[in-house]
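A.B. asks: Got a structure here, written out as C-alpha cells. Questions coming.
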Amino acid sequence: MVCAHSARRVPFGGDDECTLAGPPVLPFDTANPSRIATVASPGTNIHEQLAKLPRPRKYYMRFYTTREANNNMLHCPQGLHAFLRAYYHYKSADWKKNQPFPLASLSADEWAKLPTYYVMDLEKGMAETVAEEMPSNAAITACKWLTEEDLTVHSSEYGRTGFQGGLQGYRVRQADSRYNNELRMYSGRTIDVPSLFIGGKNDWGVYQTPGAAAAMQNRVSQQCEKFLYEQSRKFLMSMATLDSDPRTGTDIAKPKRTSSLTA
C-alpha cells in the first residue's frame, strides 16, 4: 500500500497541524461561490472573534509567528527540558482530557473547545500554557513512550538550535500568501493511488479544522482510508515483523536498512 499523508511530524516543524483538505482552489466562477468546494480556513475575522470571547483566546499558529515565540519557549522560567516534558504530556493521550471530536464549524465558540495548546489564552505564551499541565514525578517515571533519557536528546538539540527554523514554517503559512498561492498549481488535483492517513485517537490535530478530515477522504482522495490508531507505535512495530498487512493481506515491502523505532 502506498502511504500518502500529511507530514506528521516533528514539533514546531511548520506543519504541525495536518493540512488534510488539499491545495487551495483557484478563484474561478466567483459569481457562483456556492459551487466552489472549499474547507474553511482560519481568517482574520476568527482571530478577532477569539480575542473578544469572555475568556479571550488566540490560535497557537498565530503565536508561533510572533518574534517572542522562540525566546518564550527556549528561555522559559521552568527550563527547556521541563517545558518539553509538559508540552509532550499535554498533547499526548496521557493527558486524559484529550478526547477529540469533530467541531461543528470554524467559529470562535467552537474553536474555544480545543485545549489551550491549540487555542491559547490570549495573554499567555506557550511556556506559560503548558506549565500548568506539568506531569507529576510519578507520571514522568511511568511514561515509557518518552523516557527522561529520550527527552534529553530533544532538550539538548533544541537548546543547541533553538526553535526558529521550525517556527519559520508557521510564519510563512500565516503571513506570506506567496507560498500558499504557489499551491494553487495543484488546484483540483487529487491523490489517485491507495493512500492511508494515520492519526492518533487522542490527537486533536485530526479535527481542529472542521471538515478537513472528511474532505481528505471524499474530495482529495477517493481511495484514502483514515486510520486512527490508539497506539501507533505498537502498530508500526508489529507491522515491521510481518510479511503482509493484516488488514488488507497485501505484501509489505521491507526496508533494506533497519533502524530502531522510537515513540
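A.B. asks: For the range 145-165, give me each residue that is under 15 Å from Tyr88 (Cα atoms) and of a type in the set (A, V, I, L, M, F, W, C).
C.D. replies: If the condition is that a residue be under 15 Å from Tyr88 (Cα atoms) and of a type in the set (A, V, I, L, M, F, W, C), then Trp145, Leu146, Leu151, Val153 are the ones that fit.
A.B. asks: Let me ask something else. Give the residues of the range 154-189 that are surrounded by fewer than 11 Cβ atoms within 10 Å (Cβ to Cβ) and of a type in the set (A, V, I, L, M), sorted by residue number.
C.D. replies: Once the filter is applied, which keeps residues that are surrounded by fewer than 11 Cβ atoms within 10 Å (Cβ to Cβ) and of a type in the set (A, V, I, L, M), the range 154-189 yields Ala175, Met185.
A.B. asks: Right, here's the next one. What are the residue pairs meeting all of these: first residue in the range 203-216, first residue within 11 Å of Leu114 (Cβ to Cβ) and in a helix (DSSP H, G or I), second residue modelled with pLDDT of 90 or more and of a type in the set (S, T, N, Q), Cβ atoms under 9 Å, and 6 or more apart or on different chains?
C.D. replies: Trp204/Asn98
A.B. asks: Within the range 166-188, count every residue that is at pLDDT 85 or above, farther than 22 Å from Leu106 by Cβ and of a type in the set (Lys, Arg).
C.D. replies: Count: 0.
A.B. asks: For the range 71-90, name all the residues that are more than 20 Å from Ala138 (Cβ to Cβ) and either in contact with a helix residue (DSSP H, G or I) (Cβ under 8 Å, 6 or more places away or on another chain) or assigned to a helix (DSSP H, G or I) (or both).
C.D. replies: Scanning the range 71-90 gives Asn71, Asn72, Met73, Leu74, Cys76, Pro77, Leu80.
A.B. asks: Taking the range 120-157 only, how many residues are of a type outside the set (S, T, N, Q), under 19 Å from the mean Cα position of the chain (by Cα) and within 18 Å of His75 (Cβ to Cβ)?
C.D. replies: The total comes to 5.
A.B. asks: Determine whether the range 156-165 contains at least one residue that is hydroxyl-bearing (Ser, Thr, Tyr) and assigned to a loop (DSSP other than H, G, I, E, B).
C.D. replies: no
A.B. asks: Then there's this: Kindly indicate which of Glu123, Glu182 is among the charged types (D, E, K, R) and within 25 Å of Met216 (Cβ to Cβ).
C.D. replies: Glu182
A.B. asks: OK, next. Hey, can you tell me all the residues within the range 94-112 that are surrounded by 15 or more Cβ atoms within 10 Å (Cβ to Cβ) and in a loop (DSSP other than H, G, I, E, B)?
C.D. replies: Listed by number, the residues that qualify are Asp94, Trp95, Asn98, Pro100, Leu103, Leu106, Ser107, Ala112.
A.B. asks: Is it the case that Phe63 is of a type outside the set (Lys, Arg), closer than 25 Å to Gly211 by Cβ and surrounded by fewer than 17 Cβ atoms within 10 Å (Cβ to Cβ)?
C.D. replies: no
The values are calculated or read from the model by the stated rules, or taken from the named source; none is laboratory data. Everything numeric here is computed off the predicted structure, so don't read it as measured data. We place every Cβ from the backbone using ideal geometry, glycine too, and count neighbours over all the protein chains shown.
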